[in-house]
Each structure stands twice: as C-alpha cells, then as structure tokens.
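Scroll down for the structure; my scribbles are underneath it.
We did not get these values from a lab; they are worked out from the coordinates using the rules stated. These numbers were taken from a predicted model, which means no experiment stands behind them. Because the Cβ atoms are built from the backbone with ideal geometry, glycine has one as well, and the counts that use them run over all protein chains shown.
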Amino acid sequence: MSHHIVEVKDLHYTYPGETRKALSGVSFRILHGEAVGIVGANGAGKSTLLRHLNGYWAPREGSVRIGDYPVTPRTVKQVRRTVGMVFQDPDDQLFMPTVFDDVAFGPLNLGFSPEEVALRVTRALETVGAAHLAERPPHRLSGGEKRAVAVATVLSMTPDILVLDEPTSNLDPRARRKVIELLHGFVHTRIVATHDLDMVLALCPRTIVMREGRVEADGPTLDIFNDAELLDRCHLEKPFSMQACPVCSRATLPARQP
C-alpha cells in the first residue's frame, strides 16, 4: 500500500530571520501500519518536521513523499486527503459554532454530500466517545473533550496516515488513557511526536529520536529507551514505567524485634 508510506529525504528547514537550522538533513521511511514515536527535547525539531508531513510547509531543501505524491504546493490537496494532522493545541482546529460543524468542516470541503458528511461526523464522534457533544460549542469543552473532538475532525476525513503533535499534553490520567486506547484502535499508519515517553512505550514499537534538528537515533523503542547514553545526550529521561522507584530502592525493612 504505497499510499500509506512516508518518506523524508535530507530535509532542511530554517525559520525566516534565523540562521540556525530547525531541521538539518532529516531522513527516514515509515511503512504502512507502523506506529512511530518521534521524541526529543524542546527545540529538537519535532513540530517543524510534522508540519512538513501534511503540506503545511513544503520542503525548500530535501524532499517529503506521502505515498505517490511528493509534498509540493501543487499536491497539498492530495496529501491532506491521505495525512490527517492533530495539532498540539486543539483550539487551532476547533473554530466552528458547534462540535458537529467542526467535525463536518473537512468532509464538506472534500465535496461529500450532506448525507455522507452527517454519517462521517457521527462515526468519527462515536469512535472518540464524543457523540453526546455534537451540539456543544467547542469553547465550552474540557481539555480532554477538545482533544477527542480534534481527533474526530481528522478521522471524519478517513485518513490513511494519522500524525499527532503532543496528543496527551495537559490531559488528566483518564483522558490520557482514552487517547492512547483510541490510537491503538487506528489500523493505519500513526506518527506521534511527544514528550510522553510512556505513551510511546505503550503505543509505538519504533521510535525516532531528534536532537538539534537531526535524527540522532531510529530503532526499536525498547532499545532506544534502554540506551542511557543516548537519552542523556538528547536530554531525555527513561519512561517512568521503566524507572526504579528511588524511594523503594533505598527502603529497607526494619529489623524484626524478638
């Protein structure tokens, strides 16, 4: 299924007015059905990279290919039919009077009939457990509800590739767990940029580590997270679930009194 493949070759990007490159020679290939975590410290280039994957920015140096299409200004429409992007801040995606209108926005712009749009909205909201929010104004939702609806706005367009930027940020534990369960249920390609390494451990068999705009490592997630030298070099910590509790490890039982 070539339309699911993401291929980045020698990608460079410098923000206007700056001299330091935000991306410097990034290359990787992601195949159909893979779930890949992209991790790195603040400023490593994660969000900049993601914006190239759905055509928000077209490559100036290097190339990005989504399935059969190189990402260029001319192919943006086709690329965005394939790649669904969930931004870090849900408010960047929720701007219509009601949740239904927000989730319907994408399919309407793709030219589907009103009946098909309504069906897609219903399915997407049911998938994220937010059908009861359809008539609510987005600004009245909780953080977790906004995140779920933002995912629904993408699912309503039935993308082959789902790209998410910090999908669990600012969520309480229950909402975070729901997001992870939802992503487990997406059967196509998933690319997740995040600081939540425990989520990457739970969701992504493969991890790409970025450092100062470059790919520092790319491999099996467990191998990456067990490489203490790599994590230290990239200013990362092991997932909490892989760390020994410092209190428990120091604790000793009191001697039994006779």
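Distance from the Cα centre of segment 154-220 to that of segment 32-64, in angstrom?
Segment 154-220 and segment 32-64 have Cα centres separated by 13 Å.
When the chain is treated as a GNM, springs tying every alpha-carbon pair under 10 Å, which of Gly111, Gly143, Gly25 comes out with the largest mean-square fluctuation?
Gly111
Using r as the Cβ-Cβ distance of His235 and Gln78, and R0 as 45 Å, what FRET efficiency do you calculate, to the nearest 0.05?
Calculated transfer efficiency: 0.75.
Would you mind calculating the gained length between Asp89 and Ser47 on full extension (0.36 nm times residue separation, minus the Cα-Cα distance), in nm to one decimal?
Additional length available on full extension: 13.9 nm.
Using the Cα gyration tensor of segment 74-175, with a ≥ b ≥ c the square roots of its eigenvalues, what is the shape: rounded (a/c below 1.5), prolate (a/b larger than b/c) or oblate (neither)?
Judged from the Cα gyration tensor, segment 74-175 comes out oblate (a/c at least 1.5, b/c at or above a/b).
Relative contact order of segment 82-184: what whole-number percent is it, with Cα pairs under 8 angstrom and at least 6 residues apart?
It comes to 43 percent, rounded to a whole number.
Can you compute the modelled spin-label distance between Ala118 and Arg214, with each label point 7 Å from Cα toward Cβ, in nm?
Each label point lies 7 Å from its Cα, and together they span 5.7 nm.
Along segment 179-193, what does the Karplus equation 6.51 cos²θ - 1.76 cosθ + 1.60 (θ = phi - 60°) give for ³J(HN,Hα), rounded to whole Hz, x for Gly and Pro?
5, 5, 4, 4, 5, 4, x, 7, 8, 9, 6, 10, 10, 10, 9
Using θ = phi - 60° and the Karplus relation 6.51 cos²θ - 1.76 cosθ + 1.60, list the HN-Hα couplings for segment 17-33 in order, rounded to whole Hz, with x at every Gly or Pro.
With coefficients 6.51, -1.76 and 1.60, one gets x, 10, 9, 6, 6, 6, 10, 9, x, 6, 9, 5, 9, 10, 9, 4, x Hz.
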